[in-house]
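Student: Quick one: this structure, given as C-alpha cells, is what I'll be asking you about.
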Amino acid sequence: MGGGGRMSAKEKDDLVAAVAQSGPKQIKKSPSEPPPFTLGQIKRAIPPHCFNRSVLRSFSYVVHDLLISSALLYLALNFIPTIPAPFHYAAWPLYWAAQGCVLTGVWVIAHECGHHAFSDYQLLDDIVGLLLHSALLVPYFSWKYSHRRHHSNTGSLERDEVFVPKKKSSLAWYSKYLSNNPVGRLVTLAVQLTLGWPLYLAFNVSGRPYPRFACHYDPNSPIYSDRERVQIFISDVGLVTAVCALYRLAALFGFWWVVRVYGVPLLIVNGFLVLITFLQHTHPALPHYDSAEWDWLRGALATMDRDYGFLNKVFHNITDTHVAHHLFSTMPHYHAMEATKAIKPILGEYYQFDGTPFYKAMFREVKECVYIEQENGGEGGKTRGVFWYNNKF
C-alpha cells in the first residue's frame, strides 16, 4: 500500500481476487483504526457537480421505470394468455422476475426521496416518496426515519437499526444447527428473503432492541420522536389507501389475478431489498464497534459495495456505490458511480468491494457471518471494542 493509505491498482485487484475466489480465511479485513483522512478530505475529492440534484433528471428515472413496468404488465395481461399450454406457465415466472427487478428500481428511487437526494425540494421528495413507497406497501415516513437512524449509527452494536449482529452468547439454541449445514442455511435464507421485510416493519426483527414493543406502523412506537408521529400516521394512511385499491382490483378481477400481476413481483422486491441490505452490511471483512470505539466515519466505512451484474443499472447502482451513499446520502444515484471512482484513492484499504456474484455471496455470508466476537488485543495488547464475524461453535 502506498503512502497516505492509498491502494495501488494491483493491490486492489489482489483484494478482489482474494474475496471472490479464496476462502473467507484469506479475506483481508478492513482497517478498524481511525482513518488518516477526514470526511471533508473525501468530499473535496469528489467533483462538485456530483452533489447537484436535478428535478428533471430524477423524474426521468421515475418515468423510465414506470413505463417499463407498465409495458411488462401489458405483455403479461395480453400476451401470456395467448401462449399455448403448458408454455404459458413458464412465461409468468419471467414476468415476475422482470417486474420484481424493475419495481426494486422504483423502490430505490423512493429511498432516494427519503434521503432528500431526489430534488432540492423536501416537500416534493416526500410527496414522490410517499406515492411510490405506498404503492409498494412501504410506510414511507416510518421507514425514512428509522433508516436515517441507521445511517447515523452504521456499525454501532448499540444504536444501529438493521441487521445488528449478535454475540455468540445471545444466539438462539438452534442457530448452530441452521448455520452448520446447507439445508439449514437454505431455510435461513428462504425465511429471511420472504418474511424478513414484513417482520422487520411489524416486529422490529433484526433491528436494535428498544425498551418496549417497536413497530413501524405505530405512531407511538419508541422508534420515533414526538415530532415524527404525525408523519407516521400519514404513512399508515398511504398504506390503507394502497390496500383499498388492491381490494378493489381483487373485487373486479379476482384475488389470484392480483397475486399474479402484483403480489409475486412484490415478494421479489421485498426479497431483493433484504438481500441488498444484508450483503451491504454483512461480510467477514467488515468490523462492528461498541460504544467505546465507534465513531461515525468508521461506521459509515463499514459497508460493502457489491456487484449484481446488469442489475446494478436496474437498481440504480445502489448495490455497487453503497460506500459513497453512506458517506454522502443526499447525493443522487446518477452521480454515485463518478463519486465512487473519485473517493477510492483517498479511502485506500478502507474502501471495501466484493465482486462475488450475489447468489453465491448470500450463501457464503449466511455460513460465515453467524455471530460476532471481540477482537483479540494480542499478547500484552489492549482489547478494543472492535468485533468481527465468526461461525465457530
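Student: Please tell me if Val138 is among the β-branched types (Val, Ile, Thr), in a loop (DSSP other than H, G, I, E, B) and under 19 Å from Leu297 (Cα atoms).
Tutor: no
Student: I'd like the full set of residues that are closer than 18 Å to Glu373 by Cα and of a type in the set (Val, Ile, Thr), limited to the range 115-169.
Tutor: Thr154, Val164
Student: Mind checking which residues of the range 200-238 are open to solvent by less than 20 Å² (accessible area, probe 1.4 Å), in contact with a Pro (Cβ under 9 Å, 6 or more places away or on another chain), part of a loop (DSSP other than H, G, I, E, B) and more than 18 Å from Leu137 (Cβ to Cβ)?
Tutor: Within the range 200-238, just Ala214 meets the criteria.
Student: Also, I was wondering about something else. Specify which of the listed residues (Leu66, Leu73) is farther than 18 Å from His333 by Cβ, surrounded by fewer than 20 Cβ atoms within 10 Å (Cβ to Cβ) and either under 17 Å from the mean Cα position of the chain (by Cα) or among the hydrophobic types (A, V, I, L, M, F, W, C) (or both).
Tutor: Residue meeting the stated conditions: Leu73.
Student: Name every residue in the range 312-336 that is assigned to a helix (DSSP H, G or I) and among the charged types (D, E, K, R), in order of residue number.
Tutor: Selection gives Lys313 alone.
Student: What pairs come up if the first residue lies in the range 183-208 and is farther than 18 Å from Val370 by Cβ, the second is part of a helix (DSSP H, G or I), and their beta carbons are under 7 Å apart, counting only those six or more places apart or on different chains?
Tutor: Pairs that qualify, where the first residue is farther than 18 Å from Val370 by Cβ and the partner is part of a helix (DSSP H, G or I), are Thr194/Leu267; Thr194/Gly271; Trp197/Asn270; Trp197/Leu273; Trp197/Val274; Gly207/Tyr200.
Student: Considering only residues that are within 18 Å of Tyr89 (Cα to Cα) and in contact (Cβ under 8 Å) with a residue 24 or more places away in the chain, which ones fall in the range 240-267?
Tutor: Correct list: Arg260, Val261, Val264, Pro265.
Student: Continuing with the same structure: Out of (1) farther than 22 Å from Val108 by Cα; (2) open to solvent by 30 Å² or more (accessible area, probe 1.4 Å), what's the single condition that is false for Val314?
Tutor: (1)
Student: On the basis of being out of contact with any strand residue (DSSP E or B) (no Cβ under 9 Å at 6 or more places or on another chain), open to solvent by less than 20 Å² (accessible area, probe 1.4 Å) and at negative phi, does Leu195 make the cut?
Tutor: no
Student: In addition: Could you look through the range 83-138, keep only residues that are small (Gly, Ala, Ser) and over 24 Å from the mean Cα position of the chain (by Cα), and pick out the one that is surrounded by the most Cβ atoms within 10 Å (Cβ to Cβ)?
Tutor: Ala91
Student: Could we say that Lys341 is of a type in the set (Lys, Arg) and more than 30 Å from Ile68 (Cβ to Cβ) here?
Tutor: So Lys341 fails the test.
Student: While we're here: If I filter the range 139-159 for residues that are of a type in the set (Asp, Glu) and buried (at least 16 other Cβ atoms within 10 Å of the Cβ), do I get at least one hit?
Tutor: Within the range 139-159, not a single residue is of a type in the set (Asp, Glu) and buried (at least 16 other Cβ atoms within 10 Å of the Cβ).
Student: When you check Asp160 against the structure, is it modelled with pLDDT of 95 or more and under 21 Å from Val366 (Cβ atoms), yes or no?
Tutor: yes
Student: Residues of the range 278-307 being open to solvent by less than 10 Å² (accessible area, probe 1.4 Å) and more than 20 Å from Asn153 (Cα to Cα), which ones?
Tutor: The one that is open to solvent by less than 10 Å² (accessible area, probe 1.4 Å) and more than 20 Å from Asn153 (Cα to Cα): Arg306.
Student: All but one of (1) of a type in the set (Gly, Ala, Ser); (2) part of a helix (DSSP H, G or I); (3) within 28 Å of Asp290 (Cα to Cα) hold for Ala190; which doesn't?
Tutor: That leaves (3) as the condition not met.
Student: Would you mention how many residues in the range 337-356 are assigned to a helix (DSSP H, G or I) and open to solvent by less than 10 Å² (accessible area, probe 1.4 Å)?
Tutor: 5
Student: Okay, moving on. Quickly run through the range 23-54 and pick out the residues that are at pLDDT 95 or above, assigned to a helix (DSSP H, G or I) and either basic (Lys, Arg) or closer than 27 Å to Gln99 by Cβ (or both).
Tutor: If the condition is that a residue be at pLDDT 95 or above, assigned to a helix (DSSP H, G or I) and either basic (Lys, Arg) or closer than 27 Å to Gln99 by Cβ (or both), then Lys43, Arg44 are the ones that fit.
Student: Next up: Within the range 322-331, can you find the residues that are surrounded by 23 or more Cβ atoms within 10 Å (Cβ to Cβ) and of a type outside the set (A, V, I, L, M)?
Tutor: Passing the criteria: His322, His325.
The values are calculated or read from the model by the stated rules, or taken from the named source; none is laboratory data. Since the model is a prediction, treat every value here as computed from it, not as a measurement. Methodologically, a virtual Cβ is constructed for each residue, glycine included, from the backbone with ideal geometry; neighbour enumeration extends over all protein chains shown. Surface areas here come from the heavy atoms of the whole protein model, side chains and all, with no ligands, DNA or RNA. Shrake-Rupley method; radii C 1.70, N 1.55, O 1.52, S 1.80 Å.
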